Amino acid sequence: MNERHSATSHRHMLRLMLLCFALLLAGCASPVRLMPTPVSFSSGEVDPFAQAGTSARGTDVPVLYVTNRGAVIEKPDPIYTILPSERLRMGVAHVRIGDENLDWETLHRLSTSDDPDDRPIVRLDWLQPMVSLAPKDLVADSGDAKAFFALVDKALAASASCDLLIYVHGSNKTLPRAAAQAAQLRHFTGRRMVVLAFLWPSGGSILRYFTDVANAAASVDSFVRLIELLAEHTQAAHIDVLAYSAGAQITSPGLARLGMPRPGETREQLRQRLRLAEVYFAAPDIDTRRFVDDLGGYLDLVNRVTVAANLNDSALRVASIVHRASRAGRPDPTELDAEQTAFMVEASNQLGFDLIKVNPDDIPQLPKTSHAFWYEDPWVSGDLLGLMLLKAAPPQRGLEAQIGPRASRYWTFPPDFDERVKRLFLPATPTKPGPQR
């Protein structure tokens, strides 16, 4: 009887917490506005758009998309649901920055300075669906599928980098909002990096958080299939992944599953087949122990895994209470057993795992409890772009190494990080990527 009462009380407490948190995050329903200019570009000394072709210099920012959302209508104007589907629906999301009154010159100024002017709204104009693949459908049997992957290759050929960046959004995201975030990520790469948004079926409301958790789990197979299709049917030199918040609940187990080789396949053959390079988890909302276990299954297959974590993250503080376990973006190392701890120490020092401490005391004007720091803070976004555009390691990007418990290593932002990361970009321009480690 007491156990039943305790469970009921816990559910009531969770509902109350989510309601309070929904009120706290009411601003999330506001339109997506152009993120602050990354500090690497805000002085005007570096123009990320210098190599962008004339056709890319406009206020429209199309991004590729793949979704496993169910569909009420497929074409010409798709209507997608918040229910997971076994199908992969692929196409182009046409996103625009600002309205018809915003010209390229103004957008360029806002994107290469710390201009305090109001940031324009970033909105999804329309979706251009191209193909819907059932689980057993083969690309070779679908002209529409071949056309989509040919479009990916065309975009890669026109970019300064042959890398493809997959963005996996977090919970509480509508499809238009997630597409807008992917588009502004592409915008601040100087339009030179090809971005594909994996638009999994988030409910678009913090009150549907548990629905999002279930839908994220139901999206892992689709994510795995997407990576395998891109590796097999595109000319991408490498595939990078940026997973935000609950997007880690898809990306982390998905990468672990991809880490299981086919019969007779060696680890090196698997690595070459998948071509995974940079994996970046921003404020990952996933059980810390699960994340560590997953990491061991794929770390040797990628160039680098980065976790950016704010230990004061208010969203992950609530998530840790809801799930009764710390989150990888706000980890509690005492939850790890001896084997997991030893692995993380080795990973942080020798195996290509980088933990970045996003400390509000180190970063000017970063809100203490920030969860959305990867796009809301110029220092963090500047560091992220140094990784994705230049493939620079933490010391090259200006971060400083620190020694944690049991000789584990993590990275922090020094007081002059803004000047350091600018120097990284000044002599260099993104080129075709060289050999990975």
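Here is a yes/no grid of residues against (1) surrounded by fewer than 22 Cβ atoms within 10 Å (Cβ to Cβ); (2) touching a Leu at 6+ places or on another chain (Cβ under 6 Å); (3) not hydroxyl-bearing (S, T, Y):
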{"residue": "S314", "(1), (2), (3)": "yes, no, no"}
{"residue": "A325", "(1), (2), (3)": "yes, no, yes"}
{"residue": "R330", "(1), (2), (3)": "no, yes, yes"}
{"residue": "P364", "(1), (2), (3)": "yes, no, yes"}
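Screening the candidates V152, V92, V72 for the property of being out of contact with any helix residue (DSSP H, G or I) (no Cβ under 6 Å at 6 or more places or on another chain), surrounded by fewer than 16 Cβ atoms within 10 Å (Cβ to Cβ) and among the β-branched types (V, I, T) yields one hit, V72. Would you confirm, using the coordinates I've provided, whether L164 is within 17 Å of the chain's Cα centre (by Cα), in a strand (DSSP E or B) and crowded, with 18+ Cβ neighbours inside 10 Å? In short, yes. Scanning region 84-140 for residues that are at pLDDT 95 or above, small (G, A, S) and in a loop (DSSP other than H, G, I, E, B) yields G98, A134.
Hey, can you tell me all the residues within region 219-231 that are part of a helix (DSSP H, G or I) and either under 17 Å from the mean Cα position of the chain (by Cα) or within 23 Å of M388 (Cβ to Cβ) (or both)? Within region 219-231, V220, S222, F223, V224, L226, I227, E228, L229, L230, A231 qualify. All told, T334 falls short of being in contact (Cβ under 8 Å) with a residue 24 or more places away in the chain and either more than 22 Å from A401 (Cβ to Cβ) or more than 21 Å from the chain's Cα centre (by Cα) (or both). Candidates D125, D153, D137: the one that is touching a residue at least 12 places away in the same chain (Cβ under 8 Å) and closer than 17 Å to E232 by Cβ is D153. Would you confirm whether or not region 137-144 contains a residue that is surrounded by 20 or more Cβ atoms within 10 Å (Cβ to Cβ), of a type outside the set (D, E) and more than 20 Å from the chain's Cα centre (by Cα)? Looking through region 137-144, none of the residues is surrounded by 20 or more Cβ atoms within 10 Å (Cβ to Cβ), of a type outside the set (D, E) and more than 20 Å from the chain's Cα centre (by Cα). Looking only at residues in region 57-97 that are basic (K, R) and farther than 21 Å from T211 by Cβ, which one is nearest to the chain's Cα centre (by Cα)? For region 57-97, the residue satisfying everything is R96. Filter region 290-331 down to residues that are within 19 Å of the chain's Cα centre (by Cα) and of a type in the set (K, R) and give me whichever is farthest from R271 (Cα to Cα). Selected residue: R330.
Looking across D337, D354, D361, D287, one residue alone is touching a Ser or Thr at 6+ places or on another chain (Cβ under 6 Å) and at pLDDT 95 or above. It is D354. Here D153 fulfils each of the conditions (1) within 17 Å of T81 (Cα to Cα); (2) out of contact with any strand residue (DSSP E or B) (no Cβ under 9 Å at 6 or more places or on another chain) apart from (1). Within region 360-374, residues that are of a type in the set (G, A, S) have Cβ atoms under 8 Å from residues that are assigned to a loop (DSSP other than H, G, I, E, B) and surrounded by 20 or more Cβ atoms within 10 Å (Cβ to Cβ) in these pairs: S370/N310; S370/D313; S370/V358; S370/D377; A372/A283, counting only partners at least 6 apart in sequence or on another chain. The residue list V224, V220 contains one member that is in contact with a Gly (Cβ under 7 Å, 6 or more places away or on another chain), among the β-branched types (V, I, T), surrounded by fewer than 19 Cβ atoms within 10 Å (Cβ to Cβ) and more than 24 Å from I321 (Cβ to Cβ), which is V224. Output the residue which, of all residues in region 332-362 that are among the charged types (D, E, K, R) and closer than 18 Å to A282 by Cα, is surrounded by the fewest Cβ atoms within 10 Å (Cβ to Cβ). Only one residue fits best here, namely D332. Does region 363-385 include one or more residues that are farther than 26 Å from D163 by Cβ and assigned to a strand (DSSP E or B)? Looking through region 363-385, none of the residues is farther than 26 Å from D163 by Cβ and assigned to a strand (DSSP E or B). Applying the criterion of at least 1 residues that are free of Cβ contacts under 8 Å to residues at least 24 places away in the same chain to the helices (runs of 4 or more DSSP H) found wholly in region 242-319 leaves 267-274.
The values are calculated or read from the model by the stated rules, or taken from the named source; none is laboratory data. Worth saying up front: this structure is predicted, and the values here are computed from it rather than measured. Here the Cβ is made from the backbone with ideal geometry for all residues, glycine too, and neighbour counts use every protein chain on show.
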